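Participant: Right, I'll just put the structure down here and ask away after.
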Amino acid sequence: MGFRVHLVVYVLVSALLVVLNLVDAPEDIWFVWPVGGWGIGVLLHALNAYGFTAGVTDAMIRRKLENE
């Protein structure tokens, strides 16, 4: 649920930034920097939310429990 909210907010704000940039200063394209940077964060959130890092997390938990 948290990832979906993050994704929707990202898409809406990114669209707003694109429109704002193209209306205000179309000769200077700057929206790619905040959209790209935030996009990396969204990608990492997606990887975490959908279990692509679960194997790493499980291994870390297992090691921690074995050391105690």
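Participant: Size of the stretch 4-63 along its principal axes in angstrom, Cα-based, largest extent first?
Facilitator: 54, 19, 11
Participant: Apply 1/(1 + (r/R0)^6) to the Cβ-Cβ distance of Glu27 and Leu7, taking R0 = 30 Å, and write down the FRET efficiency to the nearest 0.05.
Facilitator: 0.45
Participant: Taking the Cα centre of the chain as origin and charging only Cβ (+1 Lys, Arg; -1 Asp, Glu), how large is the dipole, in debye to the nearest 20?
Facilitator: With Lys and Arg at +1 and Asp and Glu at -1, about 360 debye.
Participant: What number, rounded to the nearest 500 deg cm²/dmol, is the helix-based mean residue ellipticity at 222 nm of the chain, given -39500 (n - 2.57) per DSSP H run of at least four residues and division by all its residues?
Facilitator: Here the helix-only value at 222 nm equals -27500 deg cm²/dmol.
Participant: Among Ala59, Met1, Ala15, whose Cα sits farthest toward the positive end of the charge dipole of the chain (+1 at Cβ of Lys/Arg, -1 at Cβ of Asp/Glu, about the Cα centre)?
Facilitator: Going by the charge dipole, the pick is Ala59.
Participant: Relative to the longest principal Cα axis of the chain, at what angle does helix 54-67 sit, 0 to 90 degrees, rounded to 10?
Facilitator: Rounded to the nearest ten degrees, it is 40.
Participant: What order, most packed first, do the peptides 23-32, 42-51 have when packing is the mean number of other Cβ atoms within 10 Å of each residue?
Facilitator: Output ranking for 23-32, 42-51: 42-51, 23-32.
Since every read-out is calculated from the coordinates, none of them should be taken as a lab result. In this text, all values refer to a predicted model and were calculated from it rather than measured experimentally. Glycine also receives a Cβ, built like all others from the backbone with ideal geometry; neighbour counts cover every protein chain displayed.
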